[in-house]
Amino acid sequence: MALIGSSVRRFAPVSLLAVVAALCSAAVGQAADETPAPAEVRAYLEANCGDCHANGSAEGGFELSSLPDDPTLQDAGRWDRVHDRIRDGEMPPPDYDELNRSEKREFLSDVSRWLAAKQHREIAEAGRSRGRRLTALQLERSLQSVLGIDTPLSHLLPPDRRHHGFTTVTEGGLSHHDLAAHLEVVDAALDEAFARALSSDETWTKELSAKDLARRNPRSRTREPELFKEMAVTWQTRLVYVGRLPVTTSRDGGGWYRFTFDAEALKAPPEGLWCTVRTGQLTSSAPTMADVGTFLVTDQRKTYAFEAWLPEGHMFEVRPNDQRLKQGSTPGGQVGAGEMQPQNVAGLGIHHATLTRFHRGLDDASVRERLFGDVEVNWVKNPRRGRGEPAGSFQPQPRNARGAIASLMRAFADRAFRRHVDSAALAPYIAAAQNDLAGGKSFTEALRAGYRSLLCSPRFLYHVEEPGELDGPALASRLSYFLTGAPPDAELTTLGESGEILKDDVLREQTERLLTQTAEENDRYGVNGLDRFVEDFAHEWLDLSELDATEVTNLYPNWDPTLQISMRDEAHALLRTMLADDLSVTHVVDGDFAFVNERLADQYDLPLEQKPEAWRQENDGLTRVDLPSDSPRGGLLTLGAILKLTADGAATSPVLRGVWASERLLGITVPPPPENVPAVEPDTRGARTIREQLAKHRADPSCASCHVKVDPVGFALESFDPAGAYRDSYMARRKGKIVPRAPIDPSYDMPDGRSFEDIVGFQQLAAGQPDDLAANLARHLLTYATGAPPSFADRRAIDDIVWKSRDDGFGTRSLLHACIQSPLFRSK
């Protein structure tokens, strides 16, 4: 990054973006300290491992010659695994003679000293992460913060590639496609900001009656609500897009909308009727929908409110969505008025609604001030106003246009680059904008071009950090992007510029401030600080972004969007509580409570005594319930969302679930399969069950060393089906009925020889290793925060974090603070 930072001063603004990819590649490829592996280390490996892993023999897909002599941070993983497998006694295999203990101890000491010293030198020279750029979400929030807008922008960018599980880890440079997309998103952001600054306010509120919400022609067969008993009513059916509301369609280029409505349930069960709110174009040509939320409606009229971004042409869909209930028949794929009432199905009736177009965060006047500062801006009428044209616009009228451009761009650069920028570095940018002004462009056009050049600078696109301990602005920026996914606010920026943020107590205070910000203080995002961090982190660490990647088959007929939305909210609620209450990291694998609503309680077969009107609403309508001591639930490991996303919708695999849970939750590193092992399963002729198939698989020595680690948790989780429900048997559909196929056997042996009989037994054993759970969570937090996974040289620092959290009962929030105070977080 030092190379990128220094290069900014040497290139004209017009060429900055074109050279970013080359600069990034150069930074990533900086030569590391050339210290080859000690000769005695190589000699030891040849003597003790050469029979199987040298001279053309590569059992398990590993050959000694593949070990790099001068490993960089990026390619040292093979050396890490060699050290760990010999340390843990996994190599040589049990049927070989044991290694001499003294020689083994000396070898491990030699490798540890050499590898750690080499990596420490490389980190000191170039840092742990190289050329780390903003993710799509960070870029969106940075543009929103700098310009004061609220428009979603990340969808205009290519999907972020995930390395080591996180999009915040950048490997490789930018392609020309990436650069073109960056230009597109910058232009879209500037277009929105200047349009809002120069036009009149476009916020409004519409009152909508039941007649407005219902279909226009009562005799038509369609998917809009019907007018029934002075309500707009949608009935329970599996037909898609039923309950769509064309009157809510966004017609003004897209925006944030709040849909508030009074509703009640018709013919609903005593516990109420579960409904969903989603958005989309809601036509067969554009089948994708976005989940907004879920709610339970009873026969008592009540008010509900939901907010969502609606792109141009998108609308709200509000409908009953509980697949456990009787479904209405819809011949011909449409619903006619009066057709569903005789079928005795439940319905949702809306009495009245309000649709509000609003802005999150800054209003138009504040956006105008963000762009034009103290330059006088006046309303100018449109002298040739025609039908459909604006009445006028705001126009900046600076007394000294050249001076105003220079002043405004200096202030803008400080915000965009997240630190104070010296005049010499800004001179080329300002000169280019002033030349545009001299060439005949208007003040607004020249200023926009100047802002564009700054937003295309590597100083905006990348995290600018020098090797070694971070300075104040860099540390403030890292803390803010870690906890909020956005650039530092005014208070954090001031503490960064003054260097106060470098003090331990100030850093801790700011961590707490960002986590405890209210939704009102965070109104651009509509959630409080802790919720925003939880949702961002869980989106990647727990793969909640993949929750809707698969469709659950009809072997599990109770599955529906209501359940999926509830499971996502449940995951957020549990992780939020772990952090808010500083609960032990053992809640990753086990716990004595859960957050459920009636829908989840039924899926999990849990008692739920609370009445719907008494349910707490601060956890997305979920209520906290105590679990029985023998419950298979508890902790992140057995969340419905985790169980669903680690299956394929039709069947489960102990291997897939085992690998995911090992790497994400248990801290067990699973190397890729050996190159000489085909992707297909080994010969499984005669194998009738999953357990028998994997027993044959483990008979291959190339597979056994990994399966002994991942299979225990994988088999323990076989007690849950792809929809997250507990089961005793695998199920199959025969002659139209769902029947048991084979019994589940979740028992297994841990790598250390301890055994368990079921998921409860596994949870108890896993929760008995809090050090491992804490170290694993710390590694994931630091990878997400710093853009680089901890290396071999960082193991001591991870141990220190775990040791500090031990004094606080391995509390999750305490662990988060320990990570932020760690040198790993506070250095490049």
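Here, each number is a calculation from the coordinates, and none is a lab measurement. The structure presented is a predicted model; accordingly, all values stated were derived computationally and were not measured. In this analysis, Cβ positions are derived from the backbone assuming ideal geometry, glycine residues included, and neighbour counts consider all displayed protein chains.
In table form, for the structure just shown:
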item: Percent antiparallel among DSSP beta bridges (both partners in the chain, rounded to 5); result: 100
item: Helix runs (DSSP H) in the chain reaching 27 Å along axis by Cα, Kyte-Doolittle at least -1.0; result: 176-198, 561-580
item: Whole-Hz couplings from phi, Karplus 6.51/-1.76/1.60, listed for segment 202-211; x for Gly and Pro; result: 10, 7, 6, 9, 10, 8, 10, 7, 4, 5
item: Debye-sum result for segment 725-822 in log10 I(q)/I(0), which assumes one identical scatterer on each alpha carbon, at q = 0.10, 0.11, 0.16, 0.23 Å⁻¹; result: -0.47, -0.54, -0.78, -1.09
item: Charge sum, other residues only, whose C-beta stays under 9 Å from T562's C-beta, Lys/Arg counted +1 and Asp/Glu -1; result: -1
item: Dipole-positive endmost among Y44, Q119, V82 within segment 39-126 (Cβ charges, Cα centre); result: Q119
item: Sum of -39500 (n - 2.57) over DSSP H runs of 4+, divided by residues of the chain (222 nm, nearest 500); result: -12500 deg cm²/dmol
item: Ascending count of other beta-carbon atoms within 10 Å, so fewest first, for R754, R419; result: R754, R419
item: Given K326/K735; K206/K326; K104/K828, the pairs whose alpha carbons are separated by over 24 Å; result: K206/K326; K104/K828
item: Counted charge near R223, where neighbours are those whose Cβ lies closer than 14 Å (Asp, Glu -1; Lys, Arg +1); result: +3
item: H780, H420, H351 arranged by Cβ crowding within 10 Å, fewest neighbours leading; result: H420, H351, H780
item: Cα centre as origin, Lys/Arg/Asp/Glu Cβ charges: segment 744-801 dipole, Debye; result: 320
item: Theoretical FRET efficiency, 1/(1+(r/R0)^6), r = Cβ-Cβ of R87 and D745, R0 35 Å, to 0.05; result: 0.60
item: Estimated FRET transfer efficiency when R0 is 56 angstrom, pair A188-N217 (beta carbons, to 0.05); result: 0.90
item: Dipole magnitude (debye, nearest 20) for segment 770-826, charges at Cβ of Lys, Arg, Asp, Glu; result: 160
item: Dipole-positive endmost among T72, A723, H53 within the chain (Cβ charges, Cα centre); result: A723
item: At R0 = 60 Å, FRET efficiency that the Cβ-Cβ distance of D252 and Q764 yields, to 0.05; result: 0.60
item: Relative contact order, percent, the chain [alpha-carbon distance under 8 Å, six or more residues apart]; result: 13
item: 21 Å Cα-Cα reach of K804 towards lysines, excluding residues that sit fewer than 8 places from it in its own chain; result: K503
item: All Cα pairs of the chain, percent lying beyond 35 Å; result: 57
